[in-house]
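Down below is the structure, laid out as structure tokens.
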Amino acid sequence: MATVTERLESLRQQIEKGKTERARAEANLESLEKQRAEIEAELKELGVKPENLDAEIEKLRGEIEAGLAEAEGLLKNGENMPTL
């Protein structure tokens, strides 16, 4: 059975560990909040509201797909053309 001193030391170590983990979590939160602000600023420059981001991504995906389909169609048509 652990002595009172050992139990107190164990509690002290657990408290210190908790303090360290809290400080790490606070630092991570601060970093993530800074990243969020930077991303929101970039979105604002692009004229995209954060709440419309999913819709904007889908719109861009559609544009990419359309562009790829067009390029593939042009290449396919170009393959059938006689060479000079």
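Compute the helix-to-body angle for 53-79: its Cα long axis versus the longest principal axis of the chain, expressed 0 to 90° and rounded to tens.
So the helix axis and the longest Cα principal axis differ by about 40 degrees.
How tilted is helix 4-45 with respect to the longest principal axis of the chain? Cα atoms for both, answer in degrees (0 to 90, nearest 10).
Once rounded, the angle reads 20 degrees.
Expressed in whole Å with the largest first, what are the equivalent ellipsoid semi-axes of the chain derived from the C-alpha gyration tensor as the square root of 5 times each eigenvalue?
Taking √(5λ) for each Cα gyration eigenvalue gives 60, 20, 10 Å.
Mind counting lysine pairs for me in the chain? Cα separation below 28 Å, and the two need to be 8 or more apart along the chain or on different chains.
Taking the chain as the scope, the lysine pair count is 8.
Coordinate-derived values only; no laboratory data. Just so it is clear, the structure is predicted and the values come from calculations on it, not from any experiment.
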